[in-house]
Amino acid sequence: MQDEKEFNNTDNEQEIDLIELAKKLWSNRKTLLKWAGIGAIAGLIIAFSIPKEYTTTIKLAPEFSNSKSGSSLGALASLAGISTGGDSGADAVNPNLYPDVVQSVPFVVELFDTKVTEADGKLTTTVYDYLAEHTSSPWWSTVMSLPGKAIGGIISLFKSQEEDTTTVTDPFRLTVDESAIVNAINARVGANVDTKTMVISISATMQDPLVSAMLADTVAENLKEYVTNYRTNKARKDLEYAEKLNNEAKKEYYDAQQRYAEYVDKNQGIALNSKRIEEKRLENEVALTYNLYTSTQQRVQAAKAKVQETTPVYAVVQPATVPIRASKPSKPLILAGCVFLAIVAASAWVLFGKDLVASFKQQH
């Protein structure tokens with residue numbers, strides 16, 4: 001019984017404390033409202049200081065070539081969202097690795113020279129130049145970067161002006177500026193793969209809607225070209241080898257024809273057995289080289305078919321379109337967040353801050 005009374009007393013004390021805290025906040029509601037107003041003003045300043053960003057998303061559905069024996073199992077597994085890996089031998093760079101490919105340094109460096117145009121048509125430049133010279137940042141970023149720029153300017157005065165200004169970029173050894181652009185592109189460009197449907201989503205976020213659409217379209221085309229080159233690499237090498245053999249066989253066949261024709265022309269009307277044997281030998285040589293030539297031609301056609309067979313096909317589920325509305329920043333979310341933080345800070349000040357300051361003054 002005594003324990004129950006103590007428990008009820010503690011509950012009553014907690015309820016009384018909560019009521020007292022609520023009364024304290026209510027009595028200082030003007031202070032809370034003032035802080036909320038300050039938070040709203042700060043939220044508006046922050047929201048309108050952040051540049052608008054536009055995001056373009058492209059969705060691709062890759063074609064898979066499963067063997068007949070595993071097609072039924074693969075179909076059931078795909079319905080369950082499980083990848084059986086049945087085609088991993090044909091395509092080691094499977095769609096799950098596409099995000100890593102898009103974020104790789106060699107892939108990003110190829111985007112440096114991509115031509116982009118702003119929506120108003122006033123500026124046409126490369127992705128590298130656009131990110132380096134034509135993107136804006138919030139005013140506080142500019143203020144915070146001033147000391148670094150000042151130091152960099154002073155250091156540049158003591159550097160040699162004879163620097164190589166070549167536009168050739170070596171992915172193996174990037175400069176500081178090139179590395180910064182690579183990081184900027186990686187932050188703005190990405191790929192995502194739905195593990196159930198295997199649909200590839202490619203997105204690009206830039207400060208201009210047309211630039212965003214053009215960059216996303218280029219990333220999608222470069223990714224398709226990369227995967228196509230990888231998957232058809234062996235088949236294309238086999239085709240090159242088959243064409244080389246075919247050209248050699250063709251030359252040997254034409255040479256054998258020429259030798260046979262010249263021999264027949266020179267020995268017309270001669271009935272010697274030795275001449276007939278030599279003519280027969282040359283005739284057989286023409287037949288052999290012809291058979292070799294036709295077989296290599298068939299091999300070339302088979303290699304061409306193999307290249308076509310291994311070339312991946314992508315269905316464009318959602319093509320690139322110029323976005324109308326900005327994806328960033330979310331002004332209502334920033335405003336609500338700033339107001340909420342201001343109210344929380346004001347509540348902490350009213351409930352605890354004043355008392356702490358008063359006790360500190362009394363002690364000193």
With all protein chains present and a 1.4 Å probe, the order of Thr310, Thr232 from largest accessible area down is Thr310, Thr232
Plugging the Cβ-Cβ distance of Ile41 and Lys331 into 1/(1 + (r/R0)^6) at R0 = 22 Å yields, to the nearest 0.05, a FRET efficiency of 0.95
Counting only protein heavy atoms and leaving out ligands, DNA and RNA, the solvent-accessible surface of Leu356 at a 1.4 Å probe, in Å² to the nearest 10, equals 120
Taking a label point 7 Å from the Cα of Lys275 along Cα-to-Cβ, the residues of the stretch 232-265 whose backbone nitrogen sits under 11 Å from it are 264-265
P(r) of the stretch 229-348 over all Cα-Cα pairs, 5 Å bins starting at 0, rounded to whole percent, reads 2, 9, 10, 8, 7, 6, 6, 5, 5, 5, 4, 4, 4, 3, 3, 3, 3, 2, 2, 2, 2, 1, 1, 0, 0
A correct Karplus calculation of ³J(HN,Hα) over the stretch 234-241, with 6.51 cos²θ - 1.76 cosθ + 1.60, θ = phi - 60°, whole Hz and x for Gly and Pro, returns 5, 5, 5, 5, 4, 5, 4, 5
Once the in-chain neighbours fewer than 8 apart are removed, the lysines whose Cα is under 22 Å from Lys275 read Lys266
Counting only backbone N atoms under 20 Å from a point 7 Å out along Cα-to-Cβ of Glu63, the residues of the stretch 188-202 in range are 197-201
Length gained, Thr175-Thr228, 0.36 nm per residue minus C-alpha separation, equals 16.1 nm
So, over other residues within a Cβ distance under 14 Å of Tyr241, counting Lys, Arg +1 and Asp, Glu -1, the net charge is +3
The correct ranking of Met206, Met198 by accessible area at 1.4 Å, largest first, is Met198, Met206
Heavy-atom accessible area of Trp349, protein chains in place, probe 1.4 angstrom, given in Å² to nearest 10, is 100
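At a Förster radius of 22 Å, what calculated FRET efficiency corresponds to the Cβ-Cβ distance of Ala184 and Phe48, to the nearest 0.05?
0.45
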Cross-link reach from Lys52 to lysines, straight Cα distance under 18 Å and at least 8 residues apart if same chain, gives Lys328, Lys331
Inter-part gap, Cα centre of the stretch 327-359 to Cα centre of the stretch 233-283, in whole angstrom, is 92
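The values are calculated or read from the model by the stated rules, or taken from the named source; none is laboratory data. The shown structure was predicted, so the numbers you read here are calculated from the model rather than taken from an experiment. So basically every Cβ, Gly included, is an ideal-geometry build from the backbone, and we count neighbours across all protein chains shown. Surface areas here come from the heavy atoms of the whole protein model, side chains and all, with no ligands, DNA or RNA. Shrake-Rupley method; radii C 1.70, N 1.55, O 1.52, S 1.80 Å.
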